[in-house]
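The values are calculated or read from the model by the stated rules, or taken from the named source; none is laboratory data. Only a predicted model underlies this, so the values are computations on that prediction, with no experimental measurement involved. Because the Cβ atoms are built from the backbone with ideal geometry, glycine has one as well, and the counts that use them run over all protein chains shown. Keep in mind that these areas ignore ligands, DNA and RNA; they rest on the heavy atoms of the full protein, side chains included. Shrake-Rupley method; radii C 1.70, N 1.55, O 1.52, S 1.80 Å.
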Amino acid sequence: MPATPSWPPTAYVANAAAARLLRREALIGTLAVESLPKALVSLLVNWYAVGQAQALVTGLAVERGDWLISLAPIPGRSPDDRHWVMMIRDITPLKRLDELKFHLLSETANKLRLPLAKAITNMAELNLLLGAGDRRAADLLYQQTATWERIRHWLDDVLTLVRVEAGIGLRIVEMDLNRALPEAVQAVAGKLARERGLALSVKLAENMPLVRFDAELLRLLVQALLGRAAQRNGGSGEVELLAFTRNDQVWLEVSDNGPAITENDLPYLFDKTHADGEGPCIELALIKSIVDRVGGQVWLRNRSSGRARSPVGSTLSLTLPAVLRPRSTNPLSATVEHG
């Protein structure tokens, strides 16, 4: 698909597989901006506006299931001769399997939460009874308690994700991010700095528009964004948070210095039961569920560093639709209702 630096480009659908996946006849050779579904066009607009035409991956829920979408540039012979390719993978069977596994996981988490909390309390009491006489026993108790605390944290994350997806207790209102976002970052960053050695760089644009959001969801979103980045950094390095506006949207970007994302990981990035070395890792699933609920998009791309441009770390980007106010043609006019 040929592309130009500005949108909409002169881009055409060129693959017969696209016609089969989108279930549209006579699709080959048509303009992408006119023939693709609106959700895909919106993704392309955002990619051009803020993605700088870098390789990106995101998930998209559609009427018939779930797609994993990869976008990548193809270098041309000149700066103006640019092309790109979009790969759409139908991961609906994988998502359905993930939903079944997550249902069992959430039921287990709910049953384990109370006895686990009691066990942690008992371990703390046992530690007091031992005192300082047996250093080895005290160290083992500390390690075991820390392990159980990590288990309790991801159990809480599982139950939080269940609540978010069900919409329980949410109150979506018009929110001023100029005030609410710094407060949420401050509330989360201090704890992460103590627990994980987070070094946070924050750059927030001024006069961001209003968005429709929930205050608790915003706190959870910031916590998941920064917590994932801090974990990927391994307790060292800097995490960068950017907030700005573009194309009637608010953009949040969090960058880390962790390992590059591999091709093998791509189909499972947003799975609720995707696991790493320490167990289920559901931060991305929680982030996507929160953003989907308010009508936004989530992006993930590798970063590059040095002359070799080798991938170093990742950048997680998300968009939040801004609240647009209708413009009055006469600023002095007003509507008066008579009862």
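Expressed as a whole percent, the accessible area of region 64-190 that falls on carbon and sulfur atoms is 58 (1.4 Å probe).
If you filter region 186-234 for GluC sites (Glu not before Pro), then keep DSSP loop positions with at most 16 other Cβ within 10 Å, what is left? Hits after loop and neighbour filter: 206. Binning all Cα-Cα separations of region 176-255 at 5 Å, short to long from zero, yields these whole-percent fractions: 3, 15, 28, 25, 16, 9, 4, 0. Summarising the label geometry, the points placed 7 Å from Cα in the beta-carbon direction at residue 90 and residue 31 lie 2.9 nm from one another. Enclosing the Cα atoms of region 97-214 in their convex hull gives a volume equal to 169 cubic angstrom per residue.
Once fully extended, how much extra length lies between residue 101 and residue 207, figured as 0.36 nm per residue of separation less the alpha-carbon to alpha-carbon distance?
Values: separation 106, 0.36 × 106 = 38.16 nm, distance 4.29 nm.
Gain on stretching residue 101 to residue 207: 33.9 nm.
With only Cα atoms counted, region 121-190 has Rg and Dmax values of 19.3, 57 Å. For an R0 of 51 angstrom, estimate the FRET efficiency from the Cβ-Cβ distance between residue 179 and residue 55 and round to the nearest 0.05. The pair residue 179/residue 55 has a calculated efficiency of 0.90. Here the simple spin-label model places points 7 Å from the Cα toward Cβ, and for residue 216 and residue 199 these points are separated by 3.6 nm.
Subtract the Cα-Cα distance of residue 134 and residue 21 from 0.36 nm times their separation in residues, and report this length gain in nm to one decimal.
Numbers: separation 113, 0.36 × 113 = 40.68 nm, distance 6.52 nm.
Difference between extended and current length: 34.2 nm.
Taking 7 Å steps out from each Cα toward its Cβ at residue 41 and residue 191 produces label points 4.3 nm apart. Pairs 191/288; 95/118; 38/272; 95/191: which are spaced more than 29 Å apart, C-alpha to C-alpha? In this structure, 95/118; 95/191 lie more than 29 Å apart at Cα.
Label zone (residue 268, point 7 Å along Cα-to-C-beta; backbone nitrogen cut-off 13 Å) within region 84-110: 94-95, 98.
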